[in-house]
Amino acid sequence: MVGDGRARVGCGLVPHLQLALRPDLYGRPVVVAAWRETVVCASSEAIEAGVRPGQSQRQAQQLCPDAELLGPDPAGAARLAELISSALYDLSPVVEVRTSGVAWIDLEGVVDRSLALREMRRRLRDATGAEPRLGLAAGPFSARVAATRARPGRLLTVERAAEFLAPLPISVLGLEPWQEERLELLGLRSLGEVARIGPRQLESQLGREGRLAALRARGLEPDRLQAWVPPRSTSVHRQFEPPLEEREALLFVGRALCDELAAELGLRGAGAKKVRVLLDAEEREALVRHPLSSGAELFGLVGSWLRAWQPAEPVGRIEIELPLLEPAGRRQLRLWVRGDGSGEEVKAALERLQERHGAEVALHPEPALAGSPIPTQRFRWDPVGATAEPPSAPLREGQPRVAAGAAVSRNLGDPGGRPRAGFAEHGRQGGVPPLFDCSPRLAKVATLNRTAAAVSRHADDLHGIKATRKR
């Protein structure tokens, strides 16, 4: 039971999911009811005319003769609820979606709640084609009531649930008609009046629903969200009447089913590891190497089967099942597995990354100072595709090398004390720049020589001796 008053549950209201299956009829009176059965749901335009769920189909037609009558499709509504749950699942770990058009997400622990609610609005709109009403409160009941009071596309936040619910009529409790009549006989016409009655007293009048109604009216939120669990498989099917005989028609239906599955996988962020196709009683399946997530990838496999299939009789039913799902993403080339990608594919993929994120996103090593004791100096990292520098000319034979232990001047000149020729002079002579030996041992010797020379000059100055420069 939640009673701390923190607004942590978001609710989105959209039309009944059986109405959302036909977004082209938005704005018109629509009644969903089987022939000579009761009304399942109705659009707001039909409700304004007096149509209510539970009425007979004939009574609904009498109240709203211009209404469009649709047959119920509970399987389609359940499938749409699964799609919405998949779309909201990465916003919150606790998601509940009902076919009546109510979706909840638990924002407890979510860092950026405003971002999650904006994404909830966008994804509900994309899934149903209607602008949702949003509510944010301490629990599911208060959040749903807040959403019913919000304007389409807007959010209503409730900080103090008891104060918000007190003036509202008892009809928001969702009780049975006889239970509402009993409350009116008791003189309880608002939630504030119901809240003043003890839960046990109301339970004696209405049963268990009475106790829950009293707790809801007090803003104590006795309800818990039924967390949606992502399914490990999914499937779609089509029934043909009369059975199909043409292969092109079967391929057309197969492509449409693959696109439908791809849309669902995209919302779930999943990919198919195994694919199974059933034509009436015949069946084929395959375990793929990489998860398939796009319509083109799925139809590439399914279409090849349908083209090669030789059914014994006209096809009356086709079903495409994905019995094994796993998290998907953009396929990355497994560079260390033979046969998984050619060098051209790898190069093209790296070039696309560099165009989008800059040249430094893909680097390759090149040898630099191979003998350096510092590991970072042994190689340099150049952008992939960059023009390589021409290699330096080899050392000429007879080039004097620095002997181990030889004295070195301050500018690291030749061992004989003569300064090395500059780079420009070597260029004019057609030679190559000399190679300096910058090993740590030689650098240490140079430092010691400089220190000894400084000490000697200091001693000469103290004794009044002027050093003479050799010419």
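The values are calculated or read from the model by the stated rules, or taken from the named source; none is laboratory data. Just so it is clear, the structure is predicted and the values come from calculations on it, not from any experiment. Cβ sites come from the backbone with ideal geometry, for glycine too, and all protein chains shown count toward neighbours.
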Filter the range 80-105 down to residues that are touching a helix residue (DSSP H, G or I) at 6+ places or on another chain (Cβ under 9 Å) and more than 20 Å from GLY271 (Cα to Cα), then give me how many there are. 12
Consider LEU202 carefully, then state whether it is surrounded by 14 or more Cβ atoms within 10 Å (Cβ to Cβ), at pLDDT below 90, more than 30 Å from PRO23 (Cβ to Cβ) and in contact with a helix residue (DSSP H, G or I) (Cβ under 6 Å, 6 or more places away or on another chain). yes
For the range 163-184, which residues satisfy the criterion of being under 39 Å from the mean Cα position of the chain (by Cα), crowded, with 18+ Cβ neighbours inside 10 Å and part of a helix (DSSP H, G or I)? PHE164, LEU165, LEU173
Condition check for GLN59: over 26 Å from the mean Cα position of the chain (by Cα), surrounded by fewer than 19 Cβ atoms within 10 Å (Cβ to Cβ) and either over 18 Å from PRO140 (Cβ atoms) or at pLDDT 90 or above (or both): yes
Please identify the pairs in which a residue from the range 212-239 that is over 20 Å from GLU96 (Cβ atoms) has its Cβ atom under 8 Å from the Cβ atom of a residue that is basic (Lys, Arg) and outside any loop (DSSP other than H, G, I, E, B), counting only partners at least 6 apart or on another chain. HIS237/ARG317; ARG238/ARG317; GLN239/ARG317
Does the range 133-140 contain any residue that is more than 30 Å from ARG22 (Cβ to Cβ), under 28 Å from the mean Cα position of the chain (by Cα) and in a loop (DSSP other than H, G, I, E, B)? yes
For VAL32: the one exception among (1) within 30 Å of THR234 (Cβ to Cβ); (2) assigned to a loop (DSSP other than H, G, I, E, B): (2)
Out of everything in the range 310-327 that is surrounded by fewer than 16 Cβ atoms within 10 Å (Cβ to Cβ) and free of Cβ contacts under 8 Å to residues at least 40 places away in the same chain, what residue ends up being nearest to PRO230 (Cα to Cα)? GLN310
Reported set for the range 236-264 where residues are of a type in the set (A, V, I, L, M) and surrounded by fewer than 16 Cβ atoms within 10 Å (Cβ to Cβ) is ALA249, LEU251, ALA256, ALA263
Check the range 281-302 and report whether any residue there is among the β-branched types (Val, Ile, Thr) and modelled with pLDDT of 90 or more. yes
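Yes/no per residue for (1) loosely packed, with under 14 Cβ neighbours inside 10 Å; (2) in contact with a strand residue (DSSP E or B) (Cβ under 8 Å, 6 or more places away or on another chain):
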{"residue": "ILE197", "(1), (2)": "no, no"}
{"residue": "ARG208", "(1), (2)": "yes, no"}
{"residue": "TRP228", "(1), (2)": "no, yes"}
{"residue": "THR234", "(1), (2)": "no, yes"}
Within the range 106-129, the count of residues that are surrounded by 14 or more Cβ atoms within 10 Å (Cβ to Cβ) and farther than 16 Å from LEU88 by Cβ comes to 1
Within the range 22-56, considering residues that are among the hydrophobic types (A, V, I, L, M, F, W, C) and surrounded by fewer than 19 Cβ atoms within 10 Å (Cβ to Cβ), the one nearest to ALA81 (Cα to Cα): LEU25
Can you spot a residue in the range 7-16 that is farther than 30 Å from ARG211 by Cα and among the charged types (D, E, K, R)? no
Sole miss for ALA348 among (1) modelled with pLDDT under 75; (2) in a loop (DSSP other than H, G, I, E, B); (3) exposed (fewer than 14 other Cβ atoms within 10 Å of the Cβ) is condition (2)
